[in-house]
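Chemist: First the structure, which I've put down as structure tokens, then a few questions once you've had a look.
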Amino acid sequence: MPVRVLCSISLIYVTRMLGLFMVLPVIMLLGTDYAGATAATLGVALGIYGLTQAGLQIPLGMLSDVWGRRPVLLVGLAVFAIGSVVAALAESVTGLIIGRALQGAGAISSTLLALLADLTPARHRTLALAVVGISIGMSFSLAMVLGPLVAGVAGLPGVFVLTAVLALLAMLLVLLLPTPAHAVTDGYQRWQPDRLPEVVHAPGLWPLNIGIFCLHAVLAALFLIVPTRLSELQFTLGQQGLIYLLMAAVALLALGPMMGFSEKRRRPKQMVLVAQVVLILGMLCLPFSGGALELTLVAMALFFIGFNFLEASLPSWLSRLAPPAQRGTAMGVFSTFQFLGAAAGGALGGLLLSMGGVPFVVFCALLFMLIWVMLTALSAPPPLTRQLVLEAQDLLRHDPQASAAHGLHAWAEHLAALDGVLDVHILDDETALMVRVSGNELDQAALLAAHDNSQTD
């Protein structure tokens, strides 16, 4: 696998997610200095990034099929950098909102995903996606620490200047990336408009879409409260950054055992419900923490533990439930709901905070979570599946006569009829088969042996 390519694309992803998360812990503390700033308008400034992201990431991804990946990435990063500069120079909350909207308009996530598919061999794409997912998760923790530390030295404008610099560095990384020989157009990792009806009518995916919406709505809404609560406890911005670092470390320590229990004990649904309850307990502690440092830290730790597990688990559910031919489209819809949730949580949370204070915001967030808990309880757990990649050249070496006569389509037909095979997808360039199997019993050798037996029978 091209390690340099994977590292570069992961770093580009990190710069984008930092733009979303770095302002979370500081905007309610420092945004009050802007003309026209209220809890409601600052909530809009926080959430508008997600709204423009949600509206433009899929269209820009489709545009990259026409213009090419690099031009769309460079334009998107340039728009993001311009938005960062506008926000850094803003003196009113209106300018801040415009800057944040421009930041979100540089929506390049779907284009980056397509470029990753173009530059990564089929057999390595699952691993590449996992690495990118880990880097995005790490960016949340990094942003929680960097945001307060940078703001403590250079204020909120300094945070936006840093994101602009990161965008310029990301543009340099884009220029250094190799040009793909061809664009991968299969549905495994691509948005396909003709697949949208299938995704919309797949009932198993809707709890995940609504779930990621609720999770990021709650995240945006509660971070209108948490920084102010820490400030009331006499913590400076730099000290708040260290507290977020501590919370991230606690969440990371809890994540390993929780993920292990979920996978090894085959209890993913039960662990998601446990994480939802943990997050809700953290939310309920906030209105009563008042000036109590211990209760505030407990509330934050519970929230971080629940959030990090859920953020890591939902994409895994999606990959197991969505057939390969629909996976790119399903991920596009999922990501759109994620950004819409951040937009709704920021805007609605700010409005409720201005109307009724902290209890109103927590009550609204609790409603979001209760709806999600009910959906999770009523939904079926994701099947225990594994994804295997059978490359055409390997199949040809294994059975040259059958491959020459029938090609991958014959292999796909035979394998799809085997017990334990859930679905078989032929990549559009016909270089490999993506085979999804149940459990851990089947591997490539077992599939080939089962195919041989079916041929002799």
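The values are calculated or read from the model by the stated rules, or taken from the named source; none is laboratory data. Please read these numbers as outputs of a predicted model, since none were measured by experiment. Cβ placement follows ideal geometry from the backbone for every residue including glycine, while neighbour counts extend to all protein chains displayed. Just so you know, the surface numbers come from the protein's heavy atoms only, side chains and all, with ligands and any DNA or RNA stripped out. Shrake-Rupley method; radii C 1.70, N 1.55, O 1.52, S 1.80 Å.
Chemist: Which members of the range 281-300 meet the condition of being modelled with pLDDT of 85 or more and open to solvent by less than 20 Å² (accessible area, probe 1.4 Å)?
Modeler: Gly282, Met283, Thr296, Ala299, Met300
Chemist: Of the residues that make up the range 369-376, is at least one more than 14 Å from the chain's Cα centre (by Cα), open to solvent by 20 Å² or more (accessible area, probe 1.4 Å), free of Cβ contacts under 8 Å to residues at least 40 places away in the same chain and under 25 Å from Ser231 (Cβ atoms)?
Modeler: no
Chemist: Checking the conditions here, which among Ile27, Ile48 is open to solvent by less than 10 Å² (accessible area, probe 1.4 Å), in contact (Cβ under 8 Å) with a residue 60 or more places away in the chain and out of contact with any His (no Cβ under 8 Å at 6 or more places or on another chain)?
Modeler: On the way: Ile48 fails: open to solvent by less than 10 Å² (accessible area, probe 1.4 Å).
None of the others qualify; the one that does is Ile27.
Yes or no, residue by residue, for (1) within 24 Å of Leu42 (Cα to Cα); (2) among the polar types (S, T, N, Q); (3) over 24 Å from the mean Cα position of the chain (by Cα):
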| position | (1), (2), (3) |
| --- | --- |
| Arg267 | no, no, no |
| Ile280 | no, no, no |
| Leu284 | yes, no, yes |
| Pro287 | yes, no, yes |
| Leu295 | no, no, yes |
| Pro323 | no, no, no |
| Thr329 | no, yes, no |
| Gln338 | yes, yes, no |
| Leu366 | yes, no, no |
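Chemist: Do we have Leu156 as aliphatic (A, V, I, L, M) and either at pLDDT 90 or above or more than 17 Å from the chain's Cα centre (by Cα) (or both) here?
Modeler: yes
Chemist: Starting from the range 84-95, keep only residues that are surrounded by 21 or more Cβ atoms within 10 Å (Cβ to Cβ), then list their pairs with residues that are assigned to a loop (DSSP other than H, G, I, E, B) and at pLDDT below 95 whose Cβ atoms are within a distance under 8 Å, requiring at least 6 positions of separation or different chains.
Modeler: Ala90/Tyr34; Val93/Tyr34; Val93/Gly36; Val93/Ala37; Val93/Thr38
Chemist: Shifting gears a bit: Of all residues being open to solvent by 10 Å² or more (accessible area, probe 1.4 Å) and modelled with pLDDT of 90 or more in the range 96-119, which is nearest to the chain's Cα centre (by Cα)? Just the residue, please.
Modeler: Among them, the one singled out is Ala105.
Chemist: If you scan the range 388-428, which residues turn out to be part of a helix (DSSP H, G or I), modelled with pLDDT of 70 or more and charged (D, E, K, R)? Outline the logic, then answer.
Modeler: Here is the first cut: in the range 388-428, the ones part of a helix (DSSP H, G or I) are 392-398, 400-416.
Filter again for modelled with pLDDT of 70 or more, leaving 409-416.
Of everything in the range 388-428, just one residue is part of a helix (DSSP H, G or I), modelled with pLDDT of 70 or more and charged (D, E, K, R), namely Glu413.
Chemist: Given (1) surrounded by fewer than 21 Cβ atoms within 10 Å (Cβ to Cβ); (2) in a helix (DSSP H, G or I), identify the lone condition not met by Leu20.
Modeler: If we test Leu20 against (1) surrounded by fewer than 21 Cβ atoms within 10 Å (Cβ to Cβ); (2) in a helix (DSSP H, G or I), just (1) comes out false.
Chemist: Filter the range 137-165 down to the residues that are touching a helix residue (DSSP H, G or I) at 6+ places or on another chain (Cβ under 6 Å) and either open to solvent by 40 Å² or more (accessible area, probe 1.4 Å) or of a type in the set (Asp, Glu) (or both) and list them by number.
Modeler: Answer for the range 137-165, where residues must be touching a helix residue (DSSP H, G or I) at 6+ places or on another chain (Cβ under 6 Å) and either open to solvent by 40 Å² or more (accessible area, probe 1.4 Å) or of a type in the set (Asp, Glu) (or both): Leu149, Gly152, Pro157, Val161, Leu162.
Chemist: Going residue by residue through the range 236-256, is there one that turns out to be touching a Gly at 6+ places or on another chain (Cβ under 8 Å), surrounded by 18 or more Cβ atoms within 10 Å (Cβ to Cβ) and of a type in the set (A, V, I, L, M)?
Modeler: yes
Chemist: So if I check each of Ala248, Ala292, Ala221, Ala275, which one is free of Cβ contacts under 8 Å to residues at least 40 places away in the same chain and touching a Phe, Trp or Tyr at 6+ places or on another chain (Cβ under 9 Å)?
Modeler: None of the others qualify; the one that does is Ala275.
Chemist: Kindly indicate whether Ser64 is over 24 Å from Val161 (Cβ atoms) and not basic (Lys, Arg).
Modeler: So Ser64 fits the description; yes.
Chemist: Ok, one more. Which residues, taken from the range 322-336, are buried (at least 22 other Cβ atoms within 10 Å of the Cβ), hydrophobic (A, V, I, L, M, F, W, C) and over 19 Å from Ser139 (Cβ atoms)?
Modeler: Ala322, Ala330, Val333
Chemist: Going by what's in this entry, would Pro383 be described as open to solvent by 40 Å² or more (accessible area, probe 1.4 Å) and at pLDDT below 90? Working first, answer last.
Modeler: Details: open to solvent by 40 Å² or more (accessible area, probe 1.4 Å): yes; at pLDDT below 90: yes.
Taking the combined requirement at face value, the residue satisfies it.
Chemist: Whether any residue in the range 355-368 is touching a Pro at 6+ places or on another chain (Cβ under 8 Å), part of a helix (DSSP H, G or I) and buried (at least 21 other Cβ atoms within 10 Å of the Cβ) is what I want to check.
Modeler: yes
Chemist: Next up: All but one of (1) free of Cβ contacts under 8 Å to residues at least 60 places away in the same chain; (2) assigned to a helix (DSSP H, G or I); (3) more than 22 Å from Leu115 (Cβ to Cβ) hold for Gly43; state the number of the condition that does not hold.
Modeler: (1)
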